[in-house]
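Notes for the one structure printed next.
The values are calculated or read from the model by the stated rules, or taken from the named source; none is laboratory data. Remember, it's a predicted structure, so these values are computed and weren't measured experimentally. Quick reminder, even Gly has a Cβ in these numbers, built from the backbone with ideal geometry, and neighbours come from all protein chains shown. The accessibility values were calculated without ligands, DNA or RNA, using every heavy atom of the protein model including side chains. Shrake-Rupley method; radii C 1.70, N 1.55, O 1.52, S 1.80 Å.
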Amino acid sequence: MAEKLLKFVSLDQQMPTKRKSESRLQDFDEVYARFDIAGAEKQASRCSQCGVPFCHIHCPLGNNIPDWLRLTAENRLQDAFLMASSTNNMPEICGRICPQDRLCEGNCVIEKDFDAVTIGAVEKYIVDTAWENGWVKPISPPTELDQSVGIIGAGPAGLAAAEELRKVGYQVHIYDRHDRAGGLLVYGIPGFKLEKDVVSRRTGRLEQSGITFHLDFEVGREGSLTDLREKHDALLIATGVYRGRGLKVPGVGLGNIREALDYLIASNKKGFGDDVPEFENGNLDAKGKNVVVIGGGDTAMDCVRTAVRQGAKSVKCVYRRDRANMPGSAREVENAEEEGVEFVWLTGPEAFVGDADVSAVRAYEMRLGAPDGTGRQAPEPVPGSSFNMDCDLAILALGFEPEDLPALFGAPELRVTRWGTVTVDHESMMSNLDGVFAAGDIVRGASLVVWAIRDGRDAGSAIKTFLENKNAAAA
Ligand code: FAD
Ligand code: SF4
Ligand code: SF4
């Protein structure tokens, strides 16, 4: 085995081929190709099988990374797939969209001066290969149990919990207000990061496993939380966070100033071939427009890169700090720049200008001042530095907060924090309502897919314990 591994000294790090930007701009397909078998084996063989694998420690799912890298290097792909799936409900999705530079790969310590093992790309390769070879099968539980669990939200947290509970044999029902399952995997994250059939084959498998999806079902409109509590033995709230953080500047009420998620949802629906009146009438289509996106996180990156693909005349990303201090991933900034996006660093919006619709963003230059309470240098406006940027579509990408869930659900008794996230006991994952659990962004605040999966898995096992105790008490 040793001769198959520890190749980091003789082999350079290599990512799968990246499509050229001219080709990327023609469609919403993924940017990175997939390894071929030789490429995956070679890159996996760079792992030095650390005794204390920091990659594993910094993966929120505790993936057994060195083990599946070794199995890949040995061409034992089916075993690698089983190993990767034992800790992760959607490894090929994480392999595509985890910010690996901040998680597993950022903590890969093969040796000073050698680049990290390309863990995410190998994970994607292993599990895509498993799908193609028919190794990914529907779940067949060892027994059918009478108890049922209702899950509100078909995002990664809800789907991971559903899978874990179905494996045991519970009757699982997922309710989602959208017409497709997947949460932000389908309607937030654009296809150039995550193609949609990668998500639908996962949700399709859950359906084939006997999980019932109730789509176009908004809890609070089609049924209340109380109705669902009466129907099921336990409930999981996994509704994510959707309220865009506002901006209080003059002119913010003008036409064609839109929230990032409205814009991305419309674009993703168009990608499915749906009728989207707001897109067709031009309001949410960037084609031919001067687009200004305000914000510096990954959502802002997704908006600017969507706008260039829609054929915008110009696309600017306005961010109040500099490149080194932006929250979005460096890899995504590089991709956006290659695709023609202009970053306007150290700039803050002062006002939106226009009659009925926005025609310009007035902005001022910023400089980084003294560190604030978090230790980050606080940006402050440079006096007399105002300037105008042409703008026919402004997109606000300033982060997300929870909706008012107790009001939305018609359940004022549900306890939430002052930020609106659901309060849970961190061990039992149960809210203040008996048998009602919560997981994912609605507990953590806006986070990552891999953390939502982790929370969903933990909630699945907490619900199992709760139902077993309930049975034992009734016996
Ligand atoms: P969600 O995925 O938000 O799913 C919640 C589901 O609940 C939705 O389907 C919603 O329709 C449903 N729902 C809400 N209210 C109700 C109701 N009342 N009744 C019925 N259903 C309801 N993370 C990464 O790791 N990598 C990335 O590249 C990345 N890119 C992102 C890009 C964008 C634009 C955004 C917005 C987020 C991104 N994230 C990324 C973050 C990631 O998508 C989330 O952290 C993750 O999806 C949270 O999962 P969740 O299951 O908690 O919630
Ligand atoms: Fe890395 Fe994410 Fe995969 Fe964990 S799940 S190994 S963090 S890519
Ligand atoms: Fe392999 Fe890097 Fe993990 Fe070490 S830290 S086990 S070299 S992937």
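Tabulated values for the structure
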quantity: Test: residue in segment 4-13 that is open to solvent by 50 Å² or more (accessible area, probe 1.4 Å), more than 14 Å from ligand 3 (Cβ to nearest atom) and not assigned by TED's automatic domain parsing to the domain that holds A286; calculated: yes
quantity: Any hit, segment 383-390, residues being surrounded by 14 or more Cβ atoms within 10 Å (Cβ to Cβ) and either free of Cβ contacts under 8 Å to residues at least 12 places away in the same chain or part of a loop (DSSP other than H, G, I, E, B) (or both); calculated: yes
quantity: Selected residue (criterion: farthest from E413 (Cα to Cα)) from residues of segment 225-250 that are among the small types (G, A, S) and open to solvent by less than 30 Å² (accessible area, probe 1.4 Å); calculated: G244
quantity: E403, sole failed condition from (1) in contact with a strand residue (DSSP E or B) (Cβ under 6 Å, 6 or more places away or on another chain); (2) within 23 Å of V308 (Cα to Cα); (3) not in a strand (DSSP E or B); calculated: (2)
quantity: In segment 278-325, the residues that are charged (D, E, K, R) and touching a Leu at 6+ places or on another chain (Cβ under 8 Å); calculated: E278, K289, D302, R309, R320, R321, D322
quantity: The listed residue being open to solvent by less than 10 Å² (accessible area, probe 1.4 Å) and not assigned by TED's automatic domain parsing to the domain that holds S461, out of A116, A44; calculated: A44
quantity: G246 vs. criteria in a loop (DSSP other than H, G, I, E, B), in contact (Cβ under 8 Å) with a residue 60 or more places away in the chain and more than 16 Å from ligand 2 (Cβ to nearest atom); calculated: yes
quantity: Lone qualifier among R362, R376, R367 - being over 30 Å from S314 (Cα atoms), surrounded by fewer than 20 Cβ atoms within 10 Å (Cβ to Cβ) and of a type outside the set (D, E); calculated: R376
quantity: Any hit, segment 448-458, residues being open to solvent by 20 Å² or more (accessible area, probe 1.4 Å) and either within 16 Å of ligand 3 (Cβ to nearest atom) or assigned to a loop (DSSP other than H, G, I, E, B) (or both); calculated: yes
quantity: Residues of segment 26-57 satisfying the condition of being under 22 Å from the mean Cα position of the chain (by Cα) and assigned to a loop (DSSP other than H, G, I, E, B); calculated: D27, F28, D29, E30, V31, A33, R34
quantity: Condition check for G340: without any contact (Cβ under 8 Å) to a residue 12 or more places away in the chain and either crowded, with 17+ Cβ neighbours inside 10 Å or in a loop (DSSP other than H, G, I, E, B) (or both); calculated: no
quantity: Per-region count, segment 175-205, residues over 19 Å from the mean Cα position of the chain (by Cα) and within 14 Å of ligand 1 (Cβ to nearest atom); calculated: 1
